[in-house]
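> Could you have a look at this structure, given as structure tokens, before my questions?
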Amino acid sequence: MAFILAAGLLQVVLSASILPALADSSAKSDLAESYIAGFFRATVETAVAPQSDEHATNAVKVLLLREIQLDETARFMLGRAWPTDNKEAGRRFQEQFQNLVAEVVTQGLRSQPNLALDVKGSRLRPDGTTLVSSMLSLPSGTALPVDWRVAQNAGTGTFQIIDIMVAGIDAAIMLRTMAETSLAETDIDGLIPQWRATLVRPAGGSAQRPTVTSP
């Protein structure tokens, strides 16, 4: 039961919060709030485009890898279980994780067309990063606070997301806790297939576009 509850929250985190930006989109902004709004909008446009699930997933994966350091997230998730003596096993796990995230993001957006992100504002943190506050409205009527910590990206002239909090829960910490729980029952190669069986569902319904608002 604990895994199922955690998995449900993971799906919210991955399908509605880990969102990449198109290379040439409104996500390219020098304002943190506009960046997050464009970040959401650009991902939606890619995920719900009139193409096959496979092509949409592949396109979303490219965007994710461009904007988010998923390989580092995978290493953090495994912690001490990271296979330091087996580079191939580590590379295989990272690729499995990349594929899972792309699948969950794509299917989540294609099957839940009524998601809405309302960007509320931002504040500068003492460490120089910016915290952007938003509310994610789910089709059930539930609204979840999502806080995005972003930093300037010198390579692109805009921002990059370095941390996400959903309803006060740190996404990276939650993934690591779930990995520790799963590894008590399976090995590294079995972890992602276990998560996929719980999280990934066939997309259904029409691919309408979620909405996003910003100050």
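The values are calculated or read from the model by the stated rules, or taken from the named source; none is laboratory data. Note that the structure is predicted; figures quoted are calculated from it, not measured. Positions of Cβ are backbone-derived with ideal geometry, glycine not excepted, and every protein chain shown enters the neighbour counts.
> Could you check the range 165-199 and list, in sequence order, the residues that are out of contact with any Ser or Thr (no Cβ under 9 Å at 6 or more places or on another chain), small (Gly, Ala, Ser) and free of Cβ contacts under 8 Å to residues at least 12 places away in the same chain?
Of everything in the range 165-199, those that are out of contact with any Ser or Thr (no Cβ under 9 Å at 6 or more places or on another chain), small (Gly, Ala, Ser) and free of Cβ contacts under 8 Å to residues at least 12 places away in the same chain turn out to be Ala184, Ala197.
> So, one more: How many residues does the range 58-87 contain that are over 13 Å from the mean Cα position of the chain (by Cα), assigned to a helix (DSSP H, G or I), within 21 Å of Leu191 (Cα to Cα) and modelled with pLDDT of 90 or more?
Result for the range 58-87: 8.
> Any idea which residue in the range 176-215 is modelled with the highest pLDDT, counting only those that are under 21 Å from Gln112 (Cβ atoms) and part of a helix (DSSP H, G or I)? Give the steps one after another, and end with the answer.
First, pick out the residues of the range 176-215 that are under 21 Å from Gln112 (Cβ atoms): 195-214.
If we keep only those that are part of a helix (DSSP H, G or I) too, we end up with 195-199.
Working: Trp195: 89, Arg196: 86, Ala197: 84, Thr198: 79, Leu199: 73.
Ranking the qualifying residues of the range 176-215, first place goes to Trp195.
> Filter the range 99-145 down to the residues that are closer than 18 Å to Arg41 by Cβ, modelled with pLDDT of 90 or more and charged (D, E, K, R), then identify the one that is surrounded by the most Cβ atoms within 10 Å (Cβ to Cβ).
Asp118
> Please go through the range 163-188 and pick out each residue that is over 24 Å from Leu131 (Cβ atoms), out of contact with any helix residue (DSSP H, G or I) (no Cβ under 9 Å at 6 or more places or on another chain) and surrounded by 15 or more Cβ atoms within 10 Å (Cβ to Cβ).
none
> Could we say that Ser122 is more than 17 Å from the chain's Cα centre (by Cα) and part of a strand (DSSP E or B) here? It would help to see each step written out before you state the result.
On the way: more than 17 Å from the chain's Cα centre (by Cα): yes; part of a strand (DSSP E or B): yes.
Spelling it out, Ser122 is indeed more than 17 Å from the chain's Cα centre (by Cα) and part of a strand (DSSP E or B).
> Suppose the filter is touching a Lys or Arg at 6+ places or on another chain (Cβ under 7 Å), under 25 Å from Ser137 (Cβ atoms) and in contact (Cβ under 8 Å) with a residue 12 or more places away in the chain; does Val44 pass it? Even if it seems obvious, please write down each step before you answer.
Numbers: touching a Lys or Arg at 6+ places or on another chain (Cβ under 7 Å): yes; under 25 Å from Ser137 (Cβ atoms): yes; in contact (Cβ under 8 Å) with a residue 12 or more places away in the chain: yes.
So Val44 passes the test.
> Condition first: over 18 Å from Glu72 (Cβ atoms), touching a residue at least 24 places away in the same chain (Cβ under 8 Å) and either part of a strand (DSSP E or B) or hydrophobic (A, V, I, L, M, F, W, C) (or both). Now tell me which residues in the range 139-151 satisfy that.
Of the range 139-151, the ones over 18 Å from Glu72 (Cβ atoms) are 139-147.
Those still in the list that are touching a residue at least 24 places away in the same chain (Cβ under 8 Å) too: 139, 144, 146.
Leu144, Val146 - these are the residues of the range 139-151 that are over 18 Å from Glu72 (Cβ atoms), touching a residue at least 24 places away in the same chain (Cβ under 8 Å) and either part of a strand (DSSP E or B) or hydrophobic (A, V, I, L, M, F, W, C) (or both).
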